[in-house]
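> Sharing a structure, written as structure tokens. Questions coming.
The values are calculated or read from the model by the stated rules, or taken from the named source; none is laboratory data. All figures in this text were calculated on a predicted structure; none of them were measured in a lab. Glycine also receives a Cβ, built like all others from the backbone with ideal geometry; neighbour counts cover every protein chain displayed. Note: accessible area is taken over every heavy atom of the protein model, side chains too, but ligands, DNA and RNA are not part of it. Shrake-Rupley method; radii C 1.70, N 1.55, O 1.52, S 1.80 Å.
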Amino acid sequence: ARRIVVLISGSGSNLQALLDAMEHDELGGNVVAVISNKPDAYGLERAKEADVLTEVVEPSKFRHFHDERDRELYDAELIRVIDHHQPDLVVLAGFMRILTKSFVLRYHGRLMNIHPSLLPAYKGLDTHARLLADSGTEHGASVHFVTEELDGGPIIVQAAVHVLPDDTKDTLAERVLSREHLIYPMAVRWFLDGRLQLNDSGLTLDGHALPASGLR
Ligand code: GAR
């Protein structure tokens, strides 16, 4: 069976969606380990509940040199822990750290992220508040392969939601999250079933080129 390692930092509701899909044999593989940079991430409880192995790799143990060097050391340790599980796919599910170039290159073509906006709009943090501040009317989430460019890798699939007049950043975040839970397991399954290919000319699903915005 195909092997998935999931990286989290928080609640892990996307992890839960992946675990639920796995439970129903709809994920195309098994989540073999969940790794968090935060010891108190609630997602670790979700993993344990599903009998999935958990590990914590704490950044505080890598505060010795300047930031760049510490990041390299942290990511090297992360790579060591991940590779121990021999994953076919590494899934970032609310993992709130910027990864080094060496990390991203190591997992090129088998590292996915979900981001709470319709990329390329609103890369980075606080996407819901920023969209509301701009009086945006359409919002959503994107699953993409991770490349060196932050939130800039090839997009696999997006889900769009309408912004409602009374929306706050919390109601909007919640509505977007419910869509994230639909598209992330789907994208993971496409990949593990061998339907997604990342090559020089872009991304294909079942041999057909995907648009720059991914499937929507
Ligand atoms: C999700 O909305 C995810 O898209 C976002 O964090 C949340 C994690 O929720 N990720 C990022 O902002 C990545 N920069 P979860 O822990 O409940 O899955």
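> Mind listing just one residue for me: the one in region 67-95 that is among the β-branched types (V, I, T) and within 22 Å of G153 (Cα to Cα) and, of those, nearest to the ligand (Cβ to nearest atom)?
V91
> Quick check on region 183-204: of everything there that is free of Cβ contacts under 8 Å to residues at least 60 places away in the same chain and within 23 Å of A121 (Cα to Cα), which residue is surrounded by the fewest Cβ atoms within 10 Å (Cβ to Cβ)?
Selected residue: S201.
> Look through A41, A21 and report the one residue that is open to solvent by less than 30 Å² (accessible area, probe 1.4 Å), closer than 28 Å to T127 by Cβ and within 12 Å of the ligand (Cβ to nearest atom).
After applying the criteria, what remains is A41.
> Can you name every residue in region 181-196 that is of a type in the set (A, V, I, L, M, F, W, C) and part of a helix (DSSP H, G or I)?
Of everything in region 181-196, those that are of a type in the set (A, V, I, L, M, F, W, C) and part of a helix (DSSP H, G or I) turn out to be L182, I183, M186, A187, V188, W190, F191, L192.
> Which condition breaks for G153 when tested against (1) of a type outside the set (F, W, Y); (2) more than 12 Å from the ligand (Cβ to nearest atom); (3) open to solvent by 50 Å² or more (accessible area, probe 1.4 Å); (4) in a loop (DSSP other than H, G, I, E, B)?
(3)
> Follow-up. Can you tell me which residues in region 44-66 are assigned to a helix (DSSP H, G or I) and either surrounded by 15 or more Cβ atoms within 10 Å (Cβ to Cβ) or away from the ligand (no atom under 16 Å from the Cβ) (or both)?
Within region 44-66, L44, R46, A47, P59, S60, K61, F62 qualify.
> Quick check, is V34 within 21 Å of D151 (Cα to Cα), in contact with a strand residue (DSSP E or B) (Cβ under 9 Å, 6 or more places away or on another chain) and in contact (Cβ under 8 Å) with a residue 12 or more places away in the chain?
Answer is no for this residue.
> Here's something else I'd like to know. Quick one: which of S102, S178 is open to solvent by 10 Å² or more (accessible area, probe 1.4 Å), in a helix (DSSP H, G or I) and closer than 30 Å to D70 by Cα?
Exactly one residue qualifies, and that residue is S102.
> Same structure, new question: Read through the list (1) assigned to a helix (DSSP H, G or I); (2) within 20 Å of Y184 (Cβ to Cβ); (3) of a type in the set (K, R), then give the number of the only condition that R69 fails.
Going through (1) assigned to a helix (DSSP H, G or I); (2) within 20 Å of Y184 (Cβ to Cβ); (3) of a type in the set (K, R) one by one, R69 breaks only (2).
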